[in-house]
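See structure below.
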Amino acid sequence: MIRRPPRSTLDRSSAASDVYKRQVIVAHEDHKIGGLGGEITSIIMQNCFNVLDAPVLVAASKNTPVGFSHIYEKAILINSEDIYNTAKEVFNF
């Protein structure tokens, strides 16, 4: 039996070609460790390392399980303040 490898839903060429500026922030709602943002960061660093002025930073949810309570979700999931703090860190690099 010949098996084909599964197709990736991540468009690797556009992840690197969309780097217009010299500073990049990847924001996503998944966990920071093991999330899709790490893969996108890796692609950008492999293809655009020589043109970046700062490291690629990831703004993501906290690395804890998400509870079903609205209070827990507000505390764990990414919000605009997390993205703002990450952007400020990149721009001050």
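Checking A60, A87, A54 one by one, the residue that is in contact with a Phe, Trp or Tyr (Cβ under 6 Å, 6 or more places away or on another chain), touching a residue at least 12 places away in the same chain (Cβ under 8 Å), aliphatic (A, V, I, L, M) and within 13 Å of I25 (Cβ to Cβ) is A54 and no other. The set of residues in segment 63-84 being aliphatic (A, V, I, L, M) and free of Cβ contacts under 8 Å to residues at least 24 places away in the same chain consists of V66, I71, A75, I76. The set of residues in segment 81-93 that are in a helix (DSSP H, G or I) and not aromatic (F, W, Y) comprises E81, D82, I83, N85, T86, A87, K88, E89, V90.
Is at least one residue of segment 73-83 over 13 Å from Q23 (Cβ atoms), open to solvent by 100 Å² or more (accessible area, probe 1.4 Å) and not β-branched (V, I, T)? Scanning segment 73-83 turns up at least one residue that is over 13 Å from Q23 (Cβ atoms), open to solvent by 100 Å² or more (accessible area, probe 1.4 Å) and not β-branched (V, I, T).
Considering segment 62-74, and only residues there that are in a helix (DSSP H, G or I) and over 23 Å from A87 (Cβ atoms), the residue that is nearest to the chain's Cα centre (by Cα) turns out to be Y72.
If you take the residues of segment 62-72 that are surrounded by 11 or more Cβ atoms within 10 Å (Cβ to Cβ) and not polar (S, T, N, Q), which of them is modelled with the highest pLDDT?
Among residues in segment 62-72 that are surrounded by 11 or more Cβ atoms within 10 Å (Cβ to Cβ) and not polar (S, T, N, Q), the one modelled with the highest pLDDT is K62.
Of all the criteria given as (1) under 14 Å from the mean Cα position of the chain (by Cα); (2) modelled with pLDDT under 90; (3) not in a strand (DSSP E or B), the one not satisfied by I78 is (2).
Specify the residue that is most open to solvent (accessible area, probe 1.4 Å); the eligible residues are those in segment 31-61 that are β-branched (V, I, T) and in a helix (DSSP H, G or I). Here the answer is V51. Of the set (1) under 19 Å from S13 (Cα atoms); (2) in contact (Cβ under 8 Å) with a residue 24 or more places away in the chain, all apply to M45 but (2).
The values are calculated or read from the model by the stated rules, or taken from the named source; none is laboratory data. Since this is a predicted model, take the numbers as computed values, not measurements. Don't worry about glycine lacking a Cβ; one is built from the backbone with ideal geometry, like all the others, and counts go over all protein chains shown. Areas reflect the complete protein model, heavy atoms only, side chains present, ligands, DNA and RNA absent. Shrake-Rupley method; radii C 1.70, N 1.55, O 1.52, S 1.80 Å.
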